[in-house]
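The structure under discussion appears below in the form of C-alpha coordinates.
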Amino acid sequence: YKKKIAAVLGSKIGLARYENKGKEHSFALMGSVLTADLFNGDETVVTDRSHLFISQLAVCGNHIDTDEKYYRDGVVPLYYNLTKGFDEYLADNTSENLILDLYYAASTPIYEMDGVLYSGGKAFVESRFYEEYKDRLKKLSIKEESVWKPLLDSFIASVTSAYNPRNIMLIRVGDPGLYLVNGRFIRARDRFCDLKLLQEMENYFIMRTAP
(Lines give C-alpha, C1' and ligand atoms only; values in the text may rest on other atoms or scores of the structure.)
Protein backbone atom coordinates (compact mmCIF):
# COMPACT_ATOMS: atom_id res chain seq x y z
CA TYR A 1 0.00 0.00 0.00
CA LYS A 2 2.76 2.47 0.93
CA LYS A 3 4.42 1.87 -2.45
CA LYS A 4 1.19 2.93 -4.13
CA ILE A 5 1.05 6.07 -2.00
CA ALA A 6 4.68 6.81 -2.88
CA ALA A 7 3.74 6.55 -6.55
CA VAL A 8 0.88 8.98 -5.99
CA LEU A 9 3.02 11.52 -4.17
CA GLY A 10 5.97 11.18 -6.55
CA SER A 11 8.89 13.45 -5.75
CA LYS A 12 7.10 14.88 -2.70
CA ILE A 13 7.42 11.66 -0.74
CA GLY A 14 11.00 11.31 -1.94
CA LEU A 15 11.84 14.64 -0.38
CA ALA A 16 9.98 13.73 2.78
CA ARG A 17 11.62 10.37 3.32
CA TYR A 18 15.14 10.75 2.01
CA GLU A 19 16.20 14.37 2.45
CA ASN A 20 19.22 14.86 4.70
CA LYS A 21 18.28 15.11 8.35
CA GLY A 22 17.86 18.63 9.54
CA LYS A 23 15.82 19.80 6.56
CA GLU A 24 12.20 19.22 7.45
CA HIS A 25 9.18 19.35 5.17
CA SER A 26 5.68 19.99 6.45
CA PHE A 27 2.49 18.22 5.52
CA ALA A 28 -1.02 18.84 6.82
CA LEU A 29 -2.87 15.52 6.91
CA MET A 30 -6.65 15.26 6.68
CA GLY A 31 -8.81 12.19 6.32
CA SER A 32 -8.74 8.61 7.53
CA VAL A 33 -6.10 6.21 8.80
CA LEU A 34 -4.99 5.79 5.17
CA THR A 35 -3.52 9.28 5.35
CA ALA A 36 -2.69 9.26 9.06
CA ASP A 37 -0.16 6.43 8.66
CA LEU A 38 1.80 7.98 5.79
CA PHE A 39 4.79 9.39 7.67
CA ASN A 40 4.80 7.35 10.86
CA GLY A 41 8.31 7.18 12.25
CA ASP A 42 9.76 9.63 9.71
CA GLU A 43 11.76 12.23 11.62
CA THR A 44 12.47 14.34 8.54
CA VAL A 45 8.84 15.39 8.24
CA VAL A 46 6.67 17.77 10.23
CA THR A 47 3.03 16.71 10.09
CA ASP A 48 -0.05 18.61 11.22
CA ARG A 49 -2.53 15.95 12.37
CA SER A 50 -4.96 18.27 14.15
CA HIS A 51 -7.81 17.73 11.65
CA LEU A 52 -7.43 14.00 10.98
CA PHE A 53 -10.51 11.84 11.51
CA ILE A 54 -12.88 14.75 10.93
CA SER A 55 -15.19 14.57 7.93
CA GLN A 56 -14.36 17.32 5.47
CA LEU A 57 -18.10 17.86 5.18
CA ALA A 58 -18.29 19.04 8.78
CA VAL A 59 -14.92 20.68 9.40
CA CYS A 60 -15.87 24.22 8.35
CA GLY A 61 -17.71 26.81 10.38
CA ASN A 62 -17.06 29.82 12.56
CA HIS A 63 -15.22 29.29 15.84
CA ILE A 64 -17.49 28.21 18.70
CA ASP A 65 -16.61 28.74 22.33
CA THR A 66 -17.01 25.26 23.80
CA ASP A 67 -16.68 24.28 27.42
CA GLU A 68 -13.35 22.54 28.01
CA LYS A 69 -15.08 19.68 29.81
CA TYR A 70 -16.33 18.35 26.47
CA TYR A 71 -12.89 17.82 24.91
CA ARG A 72 -10.42 17.92 27.81
CA ASP A 73 -9.98 14.14 27.95
CA GLY A 74 -10.34 13.52 24.22
CA VAL A 75 -8.00 13.49 21.24
CA VAL A 76 -6.90 16.73 19.56
CA PRO A 77 -9.24 16.39 16.53
CA LEU A 78 -12.22 16.25 18.89
CA TYR A 79 -11.38 19.78 19.99
CA TYR A 80 -11.47 21.05 16.40
CA ASN A 81 -14.59 19.04 15.62
CA LEU A 82 -16.41 20.76 18.48
CA THR A 83 -14.96 24.25 18.24
CA LYS A 84 -14.70 24.61 14.42
CA GLY A 85 -12.82 27.73 13.26
CA PHE A 86 -11.13 25.91 10.34
CA ASP A 87 -10.52 29.07 8.30
CA GLU A 88 -9.03 30.84 11.29
CA TYR A 89 -6.79 27.83 11.88
CA LEU A 90 -5.58 27.80 8.28
CA ALA A 91 -4.76 31.50 8.45
CA ASP A 92 -2.07 30.79 11.07
CA ASN A 93 -1.15 27.15 10.50
CA THR A 94 -0.62 26.44 6.81
CA SER A 95 1.89 23.67 6.02
CA GLU A 96 3.90 23.36 2.81
CA ASN A 97 1.53 20.73 1.49
CA LEU A 98 -1.89 19.27 2.19
CA ILE A 99 -2.50 15.54 1.82
CA LEU A 100 -6.02 14.21 2.21
CA ASP A 101 -8.36 11.37 1.43
CA LEU A 102 -12.15 11.57 1.41
CA TYR A 103 -12.87 8.13 2.85
CA TYR A 104 -13.91 9.62 6.17
CA ALA A 105 -16.20 12.11 4.42
CA ALA A 106 -18.03 9.31 2.61
CA SER A 107 -18.20 6.89 5.54
CA THR A 108 -18.74 9.00 8.66
CA PRO A 109 -22.17 10.19 9.85
CA ILE A 110 -22.82 13.91 10.18
CA TYR A 111 -24.80 15.31 13.10
CA GLU A 112 -26.48 18.72 13.23
CA MET A 113 -27.48 20.81 16.22
CA ASP A 114 -28.45 24.49 16.22
CA GLY A 115 -27.13 24.89 12.69
CA VAL A 116 -23.70 23.43 13.52
CA LEU A 117 -22.43 20.22 11.89
CA TYR A 118 -20.33 17.65 13.72
CA SER A 119 -18.33 14.74 12.34
CA GLY A 120 -19.72 11.60 13.95
CA GLY A 121 -16.60 9.49 14.32
CA LYS A 122 -15.65 7.31 17.27
CA ALA A 123 -14.15 10.13 19.35
CA PHE A 124 -17.31 12.17 18.93
CA VAL A 125 -19.89 9.47 19.76
CA GLU A 126 -17.84 8.45 22.81
CA SER A 127 -17.48 12.03 24.00
CA ARG A 128 -19.18 13.76 26.91
CA PHE A 129 -20.60 16.26 24.42
CA TYR A 130 -22.45 13.54 22.49
CA GLU A 131 -23.69 11.90 25.67
CA GLU A 132 -25.12 15.18 26.91
CA TYR A 133 -26.70 16.34 23.67
CA LYS A 134 -27.55 13.12 21.82
CA ASP A 135 -31.29 13.77 22.13
CA ARG A 136 -30.86 17.07 20.28
CA LEU A 137 -28.33 15.93 17.68
CA LYS A 138 -29.93 15.15 14.34
CA LYS A 139 -28.21 12.61 12.11
CA LEU A 140 -28.09 13.75 8.49
CA SER A 141 -28.03 11.64 5.35
CA ILE A 142 -25.04 12.64 3.24
CA LYS A 143 -25.87 10.41 0.27
CA GLU A 144 -27.86 13.07 -1.54
CA GLU A 145 -25.78 15.30 -3.80
CA SER A 146 -27.81 18.27 -2.63
CA VAL A 147 -26.43 17.63 0.88
CA TRP A 148 -22.78 16.67 0.40
CA LYS A 149 -21.85 18.88 -2.53
CA PRO A 150 -22.45 22.29 -0.84
CA LEU A 151 -20.57 21.05 2.23
CA LEU A 152 -17.66 19.86 0.14
CA ASP A 153 -17.75 23.20 -1.70
CA SER A 154 -17.22 24.98 1.62
CA PHE A 155 -14.23 22.79 2.40
CA ILE A 156 -12.77 23.31 -1.08
CA ALA A 157 -13.13 27.09 -0.74
CA SER A 158 -11.26 26.99 2.56
CA VAL A 159 -8.32 24.84 1.47
CA THR A 160 -7.85 26.52 -1.92
CA SER A 161 -7.68 29.89 -0.19
CA ALA A 162 -4.73 28.59 1.82
CA TYR A 163 -3.02 26.14 -0.58
CA ASN A 164 -2.00 26.26 -4.21
CA PRO A 165 -3.55 23.27 -6.04
CA ARG A 166 -0.05 21.95 -6.84
CA ASN A 167 0.48 21.59 -3.07
CA ILE A 168 -2.76 19.68 -2.52
CA MET A 169 -2.56 15.90 -2.90
CA LEU A 170 -5.66 13.71 -2.91
CA ILE A 171 -5.28 10.02 -2.14
CA ARG A 172 -7.94 8.17 -4.10
CA VAL A 173 -9.34 5.10 -2.39
CA GLY A 174 -10.37 2.03 -4.34
CA ASP A 175 -12.11 -1.16 -3.24
CA PRO A 176 -9.52 -3.94 -3.17
CA GLY A 177 -12.24 -6.60 -3.07
CA LEU A 178 -10.12 -8.55 -0.56
CA TYR A 179 -9.99 -7.85 3.16
CA LEU A 180 -7.83 -9.35 5.89
CA VAL A 181 -10.08 -11.03 8.45
CA ASN A 182 -8.63 -13.18 11.24
CA GLY A 183 -5.41 -13.62 9.31
CA ARG A 184 -7.09 -14.64 6.04
CA PHE A 185 -7.92 -12.65 2.94
CA ILE A 186 -11.57 -12.94 2.03
CA ARG A 187 -13.70 -11.41 -0.70
CA ALA A 188 -15.99 -8.83 0.85
CA ARG A 189 -17.44 -5.38 0.47
CA ASP A 190 -16.63 -2.36 2.58
CA ARG A 191 -19.42 -2.25 5.18
CA PHE A 192 -18.67 1.29 6.30
CA CYS A 193 -18.27 3.25 3.10
CA ASP A 194 -20.43 3.80 0.05
CA LEU A 195 -17.65 3.52 -2.52
CA LYS A 196 -19.81 4.96 -5.29
CA LEU A 197 -20.43 8.03 -3.15
CA LEU A 198 -16.72 8.24 -2.34
CA GLN A 199 -15.83 8.15 -6.03
CA GLU A 200 -18.34 10.91 -6.77
CA MET A 201 -16.81 13.07 -4.03
CA GLU A 202 -13.29 12.39 -5.27
CA ASN A 203 -14.18 13.20 -8.87
CA TYR A 204 -15.89 16.42 -7.82
CA PHE A 205 -12.94 17.45 -5.65
CA ILE A 206 -10.55 16.84 -8.56
CA MET A 207 -12.75 18.78 -10.96
CA ARG A 208 -12.91 21.76 -8.61
CA THR A 209 -9.30 21.86 -7.42
CA ALA A 210 -7.09 20.05 -9.98
CA PRO A 211 -4.86 18.79 -7.12
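For this structure, a couple of remarks:
- Filter pass, LEU52 being at pLDDT 90 or above and closer than 19 Å to ASN97 by Cα: yes
- Screening the range 171-202 for residues that are open to solvent by 20 Å² or more (accessible area, probe 1.4 Å) and within 30 Å of GLY85 (Cβ to Cβ) and picking the one that is modelled with the highest pLDDT gives GLU200.
- In the set SER127, SER119, SER107, only one residue is farther than 29 Å from LYS196 by Cβ, touching a residue at least 40 places away in the same chain (Cβ under 8 Å) and of a type outside the set (Val, Ile, Thr); that residue is SER127.
- Any hit, the range 116-132, residues being among the acidic types (Asp, Glu), modelled with pLDDT under 95, more than 18 Å from the chain's Cα centre (by Cα) and over 23 Å from SER50 (Cβ atoms): no
- Elements of type strands (runs of 3 or more DSSP E) contained in the range 53-138, each with 3 or more residues being open to solvent by 10 Å² or more (accessible area, probe 1.4 Å) and farther than 21 Å from ILE171 by Cβ: 110-113, 116-119
The values are calculated or read from the model by the stated rules, or taken from the named source; none is laboratory data. Please read these numbers as outputs of a predicted model, since none were measured by experiment. When we count neighbours, we look across all protein chains shown, and the Cβ atoms used for this are built from the backbone with ideal geometry, even at glycine. Each accessible area value is taken on the protein alone, full model and side chains, heavy atoms only, with ligands, DNA and RNA left out. Shrake-Rupley method; radii C 1.70, N 1.55, O 1.52, S 1.80 Å.
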